[in-house]
Every structure is written in C-alpha cells, then in structure tokens.
C-alpha cells in the first residue's frame, strides 16, 4: 500500500517535471534558424514564399499559441512531421525503426556491461591489491582517461585489419555487430566495475561485516549474503537508467559504424536542420531521462528497506 | 572459578604495516583466561586492548600479523592458524564477540530475525521452523518484547539498546564458550548501559560463559569483572583480582589511571589527568614504556624492561618499584582515599 502511494506520488511529480522539460525544449527549438523549413531550394525562394511556408506551419503565431497547439498535438500522440529528412513522413514513423536498431545494440552491450563489469568489480574488491585488482584498475584508468573516440577508432581499424571484420554495420550480418557492441560496452564495463568495487570495499570495512565474520560465516558467504547485497543498492538506482538509455543509442559509435540508429538520427537531423525531427528526438530523450529516474528511485525503494515510503521525501524529481 | 586456563596467551607480539612502516601494537603479552571468569582489559585508546582480543578470533585487519608467541586454546595454538577453515571452527561456536557500536553492527538490509537465525543455523545445526523457533526464544531471552513482530523488522526499526540486545542474542545463538565484549556499552546512554551489563551478567551465569570485557570505563570494570588486566602501550602492565588492582595497585600507570576517576576529584580542583602522551609504537620501546610520563620513574626504567613481580598468587605487576632493591615509594594519597571510600 505504501509502495503504491509512493509510486503514484512520485509519478505525479515526474509528470510535472516532464511537462516543464518538454515545454522548455519546445520553446528553445523556436530559437533555431528557420532555413531548414524551406528545404533544398530555400536559397532561391522569394521572401514572400518563405513567409507563406512559415505561416502554414504556424510558426509566425505568438509563442504561447504555438505551445498550446504543440501540447494539443502531443497529447494525441502526434510528434509532428519531418521537413527535410523525409519530407512529410511523421516523426514517429521515422523514429520507430531507428529505436529498434539502437535497442538491439544497446541491450546486448548492456548485458555485457553488467555480466562482465559487476563480477569484475566484485572480484577486484575481494582480492583488493591483488593482480586482478591492479589490472582492472589499469583498464578502468585507461578507459576513463583516453578519449573514447581514440580507442573506438583503434578498435575499428584493428578489428577490420587484423580480423577482417567489416568496418561498417550491415543489417542482417551478425559479425558486423561485434565491433560496435565492443565499443559500446568498454566504457560501461569500466564504470560498473569501478563503482561495484568501490561500494564493495566500503561495505567490507563496515562493522556488521566484521560481526558476520565473527559469528563464523565463511568469507564467501559473507561476500554474497552481506557485502554484495549492500553494495548493489546504489547500483540498483542506475540500472533502469542504463536499460532505457540503450534506446538512445550512441551518437559516436552509430556514426562511426554507419548504424541507422537514434544517435545517428539526431546528428543527421541537426546537421540538416530538420527542426521538427530534432524536437521529437530531444523530447523522447528527455522523457526517457525523467522516466528512468523515476524507475531508479522505485528500484531503490524495493532494494532498501530503510527508505521510508510514506514521507515522500528524499526522492529526486 | 576454575583454576585451569581456558585460553592462554604467551609472549604474543602483533605488528601492523602502516604506510610502509611497521608498528608493534602488542609487545610480548602473556595472560591466562580462566574458565567461567570475567576478565576486564582496561587501558586508554590505542593501548592494544581490541587488537589483543581480535587475535583470538583471527580478525586482525589485513595489514596486521602475529609476529611471535602463542595463543593456546583447547589444545591448539591459535597463533599458528593460517587458513579460514581453521578459524571457522573457532569463530562464533567457541569464541563469540559483541562489538562497540550496535548502530553499525547489524546488516541494514536483513531482518533482525534472519541475522540471528544465520547464527542458529550455523552453530546449532537446525533448519527451517526449528531454527526460527530457537531464534525467537533467544530474542525473548535477551529481553526483546513482541518477538514475532520484531523478528520481521529491520535494524533501523530498533533503538541502540535493542540492537545491542540483538547483537548479544546473535553471539549467544552461536553457543560460545568465551564471549568477548569490545566496549559493549560505550555507544549507549547510561540507563541502557546498566541494563545491557546486567543482561550480559545474567547470560554469563546461565550459559557458564567466560567473558572478556574490553573497556576504558572503570565503573563498568568494578561492576562486572572478577579480574583486571591493565594495558599500556601494547603491554599488560598489571593483572590481579578486581579488589587487588583497585585497592592495592602497584604500577604507577595503574595509579595514574585510577587517579583520573572523577569520583576521586576534589570539588573546586581540576580533575587529574596523566601528563604527556603514550609512546610512539613505530619506534622500539626501551625499558618501561610508561617511564617518560611517570614521576616515580627510576633510572633503570629507561634502560631495562621490568619483568613481572608477583604481589600475591593472583596479582602481579611489571614495574621495577617491586624489585627489593628499589627505594620504597608510597602510592599517591588518593589511592588510600579509594580504599577508604570502599570501607564506607
């Protein structure tokens, strides 16, 4: 019951946040240059024709009128129509397949990030200052210190030169997925391992771990039934976020390997000044962030009995 | 009290490596713990009380090790233990521990019941309903009301005193022979302290436990202990029965320690405190470690470490003052006052 109340309250506050964020994004988009709306022939258009186009799109109305009609359309599930990217196509129809592509890459890499990263962190913490820990730290340091663009490129070149894997993604060819998935996973593995190790080490020095040992539990049992559980709480909060963000794809990796996903779409839409499409994509990203924070908080409540549900304080909005 | 030591420490030396330097935390300590007694180990912070008892359970931090000496228990030498498997025979089932701060001694994510039950399952070899039944019994025994409800609650739903009861229940569930209480009441407020102490005393009688108390609270000592060991700079400098150490102390450090009891203060005057600071344990200590802070120090105190001199069969102290060749020095006046206070 408490749980339900908390979730509903938290949901309402998320909706308010979402409303504010979306309105801000919409209004900011009004400040963008308008050239995109005229298409390729824009340079040769007479000013009267340009004005006519803007007027037909409702862009000459005062901002509050535009905002109201934007919300009206949005509530009917209408994200608007693309102007340049694929003229006249609804944004939803463009985004749909792109999300599917990004998700396919994202979910595989997310699985790898967690399946490799979390146990790596646990291993490093259990044998702190051992060989695994030292190597792991070197890896984490390199991944965090070297700009991603550098090792992405090295991987792409190395992969294609040494193993003969195609440099770009071809839909349907699974082998071409390998390199981008590795690129997408490296950072996450490092982050997961780093935090898991940190939280584990913190927990290991706690009194209750010493007491658990003092009552005769083996270190293996202590590690699994006490340390990992406690260390996982802070990780639990970020898990929904990483799941949702697989949908967003990666700007850089998708461009690099020519993957037709969300990240690449955003880049193209901005370059070609397809304002409606940019707006739709950004809206989607903001909505995802707000929802993922909500889910993260709920995940935390499920994992940690200390968080009081009734007070409704302490959550992020 | 039985005359056979249940645990016998001989010439124990414990070292730690700290930022590349080696520190000697326990400097050749010997002490016997007798079956069924309560022994109080007193001394100021950093004197090595906790470290000493941690060696009994193999719970030294990773940067510490036993350099030499032995810890005899049940025909085995605990100081020689290397593997965790050996220690699991001892921990909990033979020697159990209660820590200082009940607020952090329990895992925040597991219910109280499950945490105590863990010990029951491990050491009483029962499972399921029977384990739960025994857990509820132990919880009720340490004075937790409404155990059925409390069983399902988490540590944050308990007060400090109640949590310490749970920790004690957990220790008892292991069915140990020796219970080490590492400052069990320091983190509690005064009224709760008395309750917890009387609980420990009751449990000691009921289960015939040998209790080792670590404390710097001389009030607790007077209340609980049969015997006292006074530690200073990683060494036990005086041991004896409670009365002997309180009313006939021999080592100047014991004098100083007793002198800082607020009860001995004179109204209007500053309370007594020991001048100087404890010695640096990174350096090798020559002679009597307390000598630099001791106004009664003899020349020999700076040169040679004193051996134990026996005062009675049960009372001995490590000070040259007890050597027949030493000049006769009367203990300070307040020690006599302590005696008079007791007589009244």
Mind checking which residues of region B:119-168 are more than 14 Å from every other protein chain (Cβ to nearest Cβ), surrounded by fewer than 19 Cβ atoms within 10 Å (Cβ to Cβ), under 26 Å from residue A:303 (Cβ atoms) and under 27 Å from the mean Cα position of the chain (by Cα)?
-> B:159
Qualifying residue in region B:171-180 (condition: part of a loop (DSSP other than H, G, I, E, B) and either out of contact with any strand residue (DSSP E or B) (no Cβ under 8 Å at 6 or more places or on another chain) or within 9 Å of another protein chain (Cβ to nearest Cβ) (or both)) | yes
Does residue A:232 qualify as being part of a helix (DSSP H, G or I), in contact (Cβ under 8 Å) with a residue 12 or more places away in the chain and more than 9 Å from chain B (Cβ to nearest Cβ)?
-> yes
Report whether or not residue B:116 is under 25 Å from residue B:209 (Cβ atoms), more than 26 Å from the chain's Cα centre (by Cα) and either away from every other protein chain (no Cβ under 11 Å) or outside any loop (DSSP other than H, G, I, E, B) (or both).
-> no
When you scan region A:204-217, how many residues do you find that are assigned to a helix (DSSP H, G or I) and facing another protein chain (nearest Cβ under 9 Å)?
-> 8
Out of A:205, A:161, sole residue that is loosely packed, with under 15 Cβ neighbours inside 10 Å, without any contact (Cβ under 8 Å) to a residue 24 or more places away in the chain and farther than 30 Å from residue B:87 by Cβ = A:161
Region B:85-106, residues that are closer than 21 Å to residue B:49 by Cα and at the interface with chain A (Cβ under 7 Å from one of its Cβ atoms) = B:91, B:92, B:96, B:97, B:99, B:101, B:104, B:105
Among the listed residues A:222, A:281, A:227, which satisfies the condition of being more than 30 Å from residue B:61 (Cα to Cα) and at pLDDT 85 or above?
-> A:281
How many residues, within region B:46-77, are at negative phi and either assigned to a loop (DSSP other than H, G, I, E, B) or within 14 Å of another protein chain (Cβ to nearest Cβ) (or both)?
-> 14
When you go through (1) assigned to a helix (DSSP H, G or I); (2) under 30 Å from residue B:93 (Cβ atoms); (3) within 14 Å of chain B (Cβ to nearest Cβ) one by one for residue A:122, which number turns out not to apply?
-> (3)
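Condition check ((1) in contact with a strand residue (DSSP E or B) (Cβ under 6 Å, 6 or more places away or on another chain); (2) surrounded by 11 or more Cβ atoms within 10 Å (Cβ to Cβ); (3) assigned to a helix (DSSP H, G or I); (4) at pLDDT below 85) across all residues:
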{"site": "A:48", "(1), (2), (3), (4)": "no, no, yes, yes"}
{"site": "A:53", "(1), (2), (3), (4)": "no, yes, yes, yes"}
{"site": "A:59", "(1), (2), (3), (4)": "no, yes, no, yes"}
{"site": "A:67", "(1), (2), (3), (4)": "no, yes, yes, no"}
{"site": "A:72", "(1), (2), (3), (4)": "no, no, yes, no"}
{"site": "A:104", "(1), (2), (3), (4)": "no, yes, yes, no"}
{"site": "A:108", "(1), (2), (3), (4)": "no, yes, yes, no"}
{"site": "A:113", "(1), (2), (3), (4)": "no, yes, yes, no"}
Residue A:255 is checked against (1) at negative phi; (2) over 19 Å from the mean Cα position of the chain (by Cα); (3) surrounded by fewer than 23 Cβ atoms within 10 Å (Cβ to Cβ) and fails just one. What number does that condition carry?
-> (2)
With respect to residue B:251, determine if the residue is surrounded by 20 or more Cβ atoms within 10 Å (Cβ to Cβ) and touching a residue at least 40 places away in the same chain (Cβ under 8 Å).
-> yes
Considering (1) in contact with a helix residue (DSSP H, G or I) (Cβ under 7 Å, 6 or more places away or on another chain); (2) more than 12 Å from chain A (Cβ to nearest Cβ); (3) assigned to a loop (DSSP other than H, G, I, E, B), say which one residue B:109 fails and leave the rest.
-> (2)
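The values are calculated or read from the model by the stated rules, or taken from the named source; none is laboratory data. Note that the coordinates shown come from a computational prediction; the quantities given were computed from them, not determined experimentally. With ideal geometry, Cβ positions are generated from the backbone for all residues, glycine too; neighbour counts draw on all protein chains shown.
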